[in-house]
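Written below as structure tokens is the structure these notes are about.
Please treat every number below as a calculation from the coordinates, not as lab data. Since we're looking at a predicted model, the values are computed, not measured. Here Cβ is always computed from backbone atoms with ideal geometry, including for glycine, and neighbour counts include all displayed protein chains.
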Amino acid sequence: MLITAILLTAKLAFLTTVILLLIGIPLAWKLSVMKSRFRPVIEAVVGLPLVLPPTVLGFYLLMLFSPNTSLGAFWQEMTGSTLAFSFTGLVFASVIYSLPFVVQPLQRAFEQLDHGLLEAAAMLGARPIDRFLNIVIPNSLRALLLAGCMGFAHTVGEFGVVLMIGGNIPGETQVLSIALFDAVETQQFDQAHSLAAGLLVFAMVLLVLLYSIDRRRIS
């Protein structure tokens, strides 16, 4: 059961991080150059999971994923399964819950770029996509690594949202945080200690890596 939970957690965190980067990079860039008065509203929506209790977010996502809603009914009709209490539902919820942990560091990095390089490239005839791929991305690699690590780590540590959306189904939705909760509930304290210690070591190693990357970026 422990190995299954580890593999499931790694799979969830990896898929979530990949999707977050695919969504977060263009979103962060758009926010970094946006001049609209609606920018604070969009930033607030993106950052909402930072302050909203996970159970509140999980509750509303559970309602949204219900077969009684248009989204839930459409998904069930197309796939034959429900979004709620499924691994796919966990991926959707994790992407929403961890979105600010990827978008915000990328947005800050994009805002600090030397836009003179972009203007010079534009004067030389470079298209917007060429400027983005050849100037913005290469000059933001540390921020990309930082954002990816934060998204991955935050997904690994999820509990409230995962419990609300996925419940506790071994092999399907029982990730490490849920397995730890289940071990404590059933008084399997040796297993709980092992899970907690493993997550603690993982968090410590990742934090050291993140702070090292951030110090190099500053220096």
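The average projected area of segment 130-198, computed from the convex hull of its Cα atoms over all directions, is 6.6 nm². Rounded to the nearest 20, the size of the Cβ-charge dipole of segment 121-204 about its Cα centre is 640 debye, with Lys and Arg at +1 and Asp and Glu at -1.
Considering only 93, 153, 44, the Gaussian network model of the chain with Cα springs below 10 Å gives its largest mean-square fluctuation to 44. When a/c reaches 1.5 or more, the comparison of a/b and b/c decides; with that in mind, is segment 95-219 rounded, prolate or oblate per its Cα gyration tensor? Prolate shape, in that a/c is at least 1.5 and a/b is the bigger ratio. At q = 0.11, 0.15 Å⁻¹ the log10 of I(q)/I(0) for segment 1-96 amounts to -0.44, -0.78, computed by Debye summation with a single uniform scatterer per C-alpha, solvent ignored. Semi-axes of the equivalent ellipsoid for the chain, computed as √(5λ) from the eigenvalues of its C-alpha gyration tensor and ordered from largest down, come to 35, 23, 14 Å. Remark: segment 50-67, residue by residue, has Karplus-estimated 3J(HN,Hα) of 5, 10, 6, x, x, 5, 5, 4, x, 5, 5, 5, 4, 5, 5, 7, 4, x Hz, where x stands for each Gly or Pro and the curve is 6.51 cos²θ - 1.76 cosθ + 1.60 at θ = phi - 60°.
Working ranking of peptides 184-193, 20-29 by packing, defined as the average number of other Cβ atoms within 10 Å per residue, highest first, is 20-29, 184-193.
Here the relative contact order of segment 66-200, from alpha carbon pairs under 8 Å that lie six or more residues apart, stands at 28 percent. In a reduced charge model with +1 at each Lys and Arg Cβ and -1 at each Asp and Glu Cβ, the chain shows a dipole moment near 840 debye about its Cα centre.
Might you report the magnitude of the Cβ-based charge dipole of segment 159-219 about its Cα centre, with Lys and Arg at +1 and Asp and Glu at -1, to the nearest 20 debye? Charge dipole of segment 159-219: 520 debye, to the nearest 20.
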